[in-house]
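Notes follow the structure.
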């Protein structure tokens, strides 16, 4: 089973626990206004690659990754779920820690064949890093050109399956920094039994140069970067929502 791969990174330090071998897959249906990898959007681009090759590259430096593992990010990994299953099943044969960095956009609980694949994938997945772009349906659509109902359903599915999850949220001035919605986001994820971490990431402008090189319009031109201090303040708002949900439900 071949996958379409954008690139490989041998030293990932922000892609899950420990030092990670990071696989960037090609293809994503999301069109996030702040995406800094628009070159991963095209579905039929990238290099075709076998899971065996990726495992082989990992194994060459296995001692280096003793506290880490393999993370598949993108693009959107779940758009290539058959490849992901094959890769992770081979990884678990060698006791490699597996992580998916995803938006969850490919999840569809109304599709039984797809759900069977998700069930199989979760059996060989140690951690999911789930990026929730916006808790409000309409604002999520404006921000990403996609609905968030299946994304939130995926979060609940992971909770029901008891798969460890790290929630990620990018705070963009004027777009995702409203305290009302941040507290609602916290209230939602506060109901997840499997929540292991919350990463609140400050918006940065580093992606603007890539858009210019690709001849693409950058929607957030002129939007200032968020400081780390501001991101920490917004994280406290989300944590407030988490605590409220857990207090109400005694989770």
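If I filter region 212-230 for residues that are part of a strand (DSSP E or B), modelled with pLDDT of 95 or more and crowded, with 16+ Cβ neighbours inside 10 Å, do I get at least one hit? Reasoning before the result, please.
Filtering region 212-230 down to residues part of a strand (DSSP E or B) leaves none.
The answer is no, given that none of the residues of region 212-230 is part of a strand (DSSP E or B), modelled with pLDDT of 95 or more and crowded, with 16+ Cβ neighbours inside 10 Å.
Scan region 28-49 residue by residue and report those that are in contact (Cβ under 8 Å) with a residue 40 or more places away in the chain and farther than 21 Å from residue 169 by Cα. I'd like the intermediate steps shown before the answer.
Within region 28-49, the subset in contact (Cβ under 8 Å) with a residue 40 or more places away in the chain is 28-39, 44-49.
Hits for region 28-49 are 39, 44, 45, 46, 47, 48, 49.
If you check 181, 157, which single one turns out to be in a helix (DSSP H, G or I), surrounded by 17 or more Cβ atoms within 10 Å (Cβ to Cβ) and either modelled with pLDDT under 95 or under 17 Å from the mean Cα position of the chain (by Cα) (or both)? Can you show your working first?
On the way: 181 fails: either modelled with pLDDT under 95 or under 17 Å from the mean Cα position of the chain (by Cα) (or both).
Answer to the check: 157.
Which residues, counting only those in region 107-139, are surrounded by 13 or more Cβ atoms within 10 Å (Cβ to Cβ), in contact with a helix residue (DSSP H, G or I) (Cβ under 8 Å, 6 or more places away or on another chain), more than 22 Å from residue 69 (Cβ to Cβ) and free of Cβ contacts under 8 Å to residues at least 40 places away in the same chain?
If the condition is that a residue be surrounded by 13 or more Cβ atoms within 10 Å (Cβ to Cβ), in contact with a helix residue (DSSP H, G or I) (Cβ under 8 Å, 6 or more places away or on another chain), more than 22 Å from residue 69 (Cβ to Cβ) and free of Cβ contacts under 8 Å to residues at least 40 places away in the same chain, then 114 is the only one that fits.
Only one of (1) touching a helix residue (DSSP H, G or I) at 6+ places or on another chain (Cβ under 8 Å); (2) closer than 30 Å to residue 115 by Cβ; (3) surrounded by 17 or more Cβ atoms within 10 Å (Cβ to Cβ) is not met by residue 144, so which one is it?
All conditions pass for residue 144, except number (1).
Give the residues of region 184-203 that are in a loop (DSSP other than H, G, I, E, B) and either more than 19 Å from the chain's Cα centre (by Cα) or surrounded by 14 or more Cβ atoms within 10 Å (Cβ to Cβ) (or both), sorted by residue number. First the steps, then the outcome.
Step one: list which residues in region 184-203 are in a loop (DSSP other than H, G, I, E, B), which gives 190-194, 203.
Of everything in region 184-203, those that are in a loop (DSSP other than H, G, I, E, B) and either more than 19 Å from the chain's Cα centre (by Cα) or surrounded by 14 or more Cβ atoms within 10 Å (Cβ to Cβ) (or both) turn out to be 190, 191, 192, 194, 203.
Kindly list, by first and then second residue, each pair from a residue in region 219-230 that is free of Cβ contacts under 8 Å to residues at least 60 places away in the same chain to a residue that is surrounded by 12 or more Cβ atoms within 10 Å (Cβ to Cβ) and assigned to a helix (DSSP H, G or I), limited to pairs with Cβ atoms under 7 Å and residues at least 6 apart or on different chains.
From region 219-230, the pairs are 221/208.
So if I check each of 15, 86, 39, which one is at pLDDT below 95, assigned to a helix (DSSP H, G or I) and either surrounded by 21 or more Cβ atoms within 10 Å (Cβ to Cβ) or touching a helix residue (DSSP H, G or I) at 6+ places or on another chain (Cβ under 7 Å) (or both)? It would help to see each step written out before you state the result.
Values: 15 fails: assigned to a helix (DSSP H, G or I); 86 fails: at pLDDT below 95.
When all the criteria are applied, what remains is 39.
The values are calculated or read from the model by the stated rules, or taken from the named source; none is laboratory data. Remember, predicted model here, so these are calculated numbers, not experimental data. When we count neighbours, we look across all protein chains shown, and the Cβ atoms used for this are built from the backbone with ideal geometry, even at glycine.
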